[in-house]
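Okay, structure first, notes after.
The values are calculated or read from the model by the stated rules, or taken from the named source; none is laboratory data. None of the values given here were measured: they were computed from a predicted structure. Glycine also receives a Cβ, built like all others from the backbone with ideal geometry; neighbour counts cover every protein chain displayed.
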Ligand code: C2E
Ligand code: MG
Ligand code: MG
């Protein structure tokens, strides 16, 4: 307790030897001494001095007595001064203590050897919700702390009472009288009171701080949208899973999950709906798991599962199938029905990776393979996947170089009028003249170009090359000739093709919009967010026609044909290739042609290879034909020659045997 050198206003100044009061005290004491001296002298002198005793000795004795009395008087004066100072200190300390005790937010207590309160200040009583007198009257601490905490407290109190631990600070959960839990911080030390060791301590209610800390911790470890553990939590969990597995030899499975076409839901229905969908997906995923499994959201539409101690791979597969089925059930979002699926990549520790990095990489590869297999699949990692990825990586490098070095060529496949056999249009088909691999077909590199984003510059190149070629044909050979180009769904996505630029380029070349047809797939219509629809409308306004390619192979509903601007329907070659008078494809082709005509669309049949197919389709009223029966894809020069030949021959209907 710090001592104040300044006296409190009400206290008297300490006596000082040089002060007036000090002088007065000394004089009084000397007076008392002299009084005593006189009494003594009178006692001594009551009889004659002993015989033979010199008179100076009696005088010396008297002098010593005087000195002794003087010393005693001085000491008495000092003792009194000290006791007065101690008294002042005590009252000052008490005043301070009472002041603090009355206004403090700190609970102050004393606890005896029986671990019961023997003193409690008002704040402690308020904090714990008890009457102060009740608390101070040997109230046992086991009624204030939960059993586990009390056990620790009892041990620590014993250590402090015995002097093993002198001073300590702890944080404990406590219970108020009404049962409400609070968190307290305790500073305790030991004192000796009335000869007995006693614990004196301070208690602070830190519930508010604890709540704030818990909120910060939650934010750092959980995803705000789904309330699932986030990426850092997942990484911690994965690392501890690996360490546990190394210790106990139990393998575990790591599953990467990625929603299929989530972006389209976001684009079509808006981000709020996308968020709601993610929350519902998270709940469904959780419901498919066991208590021991760990689900996390890595971000976006990516989730991870750590399946600890799986019985075998079948058990993991069963969980994955449950997850796939659950996620694929329709959702009701803001009154709209939405459907989505999820792909899963599965890896096992330690078989597929002996550390977190390799395990994650391989789970990602397996997920990629699942997407490649058509989505809504679970795929386990295999070594061959790594080889495929390596090849893909090399192909991507080559493709990037090919875009830079312009290693592409367009071939043109004639599209003929079914009745006259005349070449009215041509479809531009892309070829990659690879310096080592030779000619690479579009099916082998378009998907890669789509995934890597290279499809956008490549698509622009196709557009420009085809338009320049078309300009020449229209000028020299066929004034109404039309070229169609394939546009992939990826080009309609973010920062893909820019219709305004294409339209401006057409105008700059002096080509009317009608000279160009854009071939899209059903996927474009199904995925069509606002962006794709706006692009299609821009094309329509510029007179550019739209053909729905590979019709019948996708899952688009007929409603799309009415909702979007489409001019041509291209029946996919899978219906045409097997066409004969008895085949069921005949009925399908017939139905498609009739329906398209009803909707005001013209029909192009793809992949016509035989005269029979041609005859059947012509009889059905199909408008245009494309296929090896008429011509394979040709170089620009070859098509030019064909157009020249045709321009020289009279325009007669195709005889039926042709
Ligand atoms: P597609 O647009 O349906 O093109 C028709 C495909 O069928 C072409 O294959 C063509 O060579 C082939 N074909 C035509 N007639 C017959 C026939 O009688 N029998 C058989 N068996 N096949 C026939 P190709 O050139 O390999 O193109 C394949 C696909 O690649 C195209 O299908 C199109 O989806 C895509 N593609 C081609 N060029 C481009 C392009 O510039 N951009 C984009 N995004 N995709 C392209
Ligand atoms: Mg096409
Ligand atoms: Mg096609």
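Only strands (runs of 3 or more DSSP E) whose full extent lies in the range 89-204 are considered here, and the ones with at least 1 residues that are out of contact with any helix residue (DSSP H, G or I) (no Cβ under 7 Å at 6 or more places or on another chain) are 107-111, 167-175, 181-193.
Scan the range 119-131 for residues that are over 48 Å from the mean Cα position of the chain (by Cα) and modelled with pLDDT under 95 and jot them down. Steps first, answer last, please.
Going through the range 119-131, the residues over 48 Å from the mean Cα position of the chain (by Cα) turn out to be 119, 131.
Selection gives 119 alone.
Going by what's in this entry, would residue 85 be described as touching a residue at least 60 places away in the same chain (Cβ under 8 Å) and surrounded by fewer than 18 Cβ atoms within 10 Å (Cβ to Cβ)? Considered against the rule, which asks whether it is touching a residue at least 60 places away in the same chain (Cβ under 8 Å) and surrounded by fewer than 18 Cβ atoms within 10 Å (Cβ to Cβ), residue 85 comes out as yes. In the set 183, 178, 194, only one residue is more than 17 Å from residue 140 (Cα to Cα) and modelled with pLDDT of 95 or more; that residue is 183.
Of the helices (runs of 4 or more DSSP H) lying entirely inside the range 440-558, those carrying at least 3 residues that are surrounded by fewer than 18 Cβ atoms within 10 Å (Cβ to Cβ) and within 16 Å of ligand 3 (Cβ to nearest atom) are 442-452. Of the residues examined, residue 91 is not one that is within 30 Å of residue 140 (Cβ to Cβ), surrounded by 12 or more Cβ atoms within 10 Å (Cβ to Cβ) and either touching a strand residue (DSSP E or B) at 6+ places or on another chain (Cβ under 8 Å) or at pLDDT 80 or above (or both). Does the range 596-606 contain any residue that is over 28 Å from residue 544 (Cβ atoms), more than 16 Å from ligand 2 (Cβ to nearest atom), touching a residue at least 24 places away in the same chain (Cβ under 8 Å) and in a helix (DSSP H, G or I)? No; the residues of the range 596-606 include none that is over 28 Å from residue 544 (Cβ atoms), more than 16 Å from ligand 2 (Cβ to nearest atom), touching a residue at least 24 places away in the same chain (Cβ under 8 Å) and in a helix (DSSP H, G or I).
Hey, any hits in the range 424-436 for a residue that's farther than 25 Å from residue 606 by Cα, free of Cβ contacts under 8 Å to residues at least 12 places away in the same chain and more than 45 Å from the chain's Cα centre (by Cα)? Scanning the range 424-436, I find no residue that is farther than 25 Å from residue 606 by Cα, free of Cβ contacts under 8 Å to residues at least 12 places away in the same chain and more than 45 Å from the chain's Cα centre (by Cα), so the answer is no. Taken as a whole, the structure places residue 415 among residues that are within 16 Å of ligand 2 (Cβ to nearest atom), under 30 Å from residue 649 (Cα atoms) and either in contact with a strand residue (DSSP E or B) (Cβ under 9 Å, 6 or more places away or on another chain) or part of a helix (DSSP H, G or I) (or both).
Applying the criterion of being within 16 Å of ligand 1 (Cβ to nearest atom) and in a helix (DSSP H, G or I) to the residues of the range 559-589, the residue that is modelled with the lowest pLDDT is 585. Of everything in the range 404-427 that is within 13 Å of ligand 1 (Cβ to nearest atom) and surrounded by fewer than 23 Cβ atoms within 10 Å (Cβ to Cβ), the residue that is farthest from residue 626 (Cα to Cα) is 408. Say whether the condition of being within 14 Å of ligand 3 (Cβ to nearest atom) and either at pLDDT below 95 or under 50 Å from the mean Cα position of the chain (by Cα) (or both) is met by at least one residue in the range 606-615. Yes: one or more hits.
Is it true that residue 253 is under 29 Å from residue 281 (Cα atoms) and touching a residue at least 60 places away in the same chain (Cβ under 8 Å)? The answer is yes for residue 253. Filtered by the rule that a residue be farther than 14 Å from residue 469 by Cβ and buried (at least 18 other Cβ atoms within 10 Å of the Cβ), the range 631-646 gives 631, 646. Just checking, does the range 490-509 include any residue being within 16 Å of ligand 2 (Cβ to nearest atom), within 27 Å of residue 390 (Cβ to Cβ) and in contact (Cβ under 8 Å) with a residue 24 or more places away in the chain? So far as the range 490-509 goes, yes, one or more of its residues are within 16 Å of ligand 2 (Cβ to nearest atom), within 27 Å of residue 390 (Cβ to Cβ) and in contact (Cβ under 8 Å) with a residue 24 or more places away in the chain.
Taken over the range 231-257, the residue count meeting the criterion of being in contact with a helix residue (DSSP H, G or I) (Cβ under 6 Å, 6 or more places away or on another chain) and not in a helix (DSSP H, G or I) is 4.
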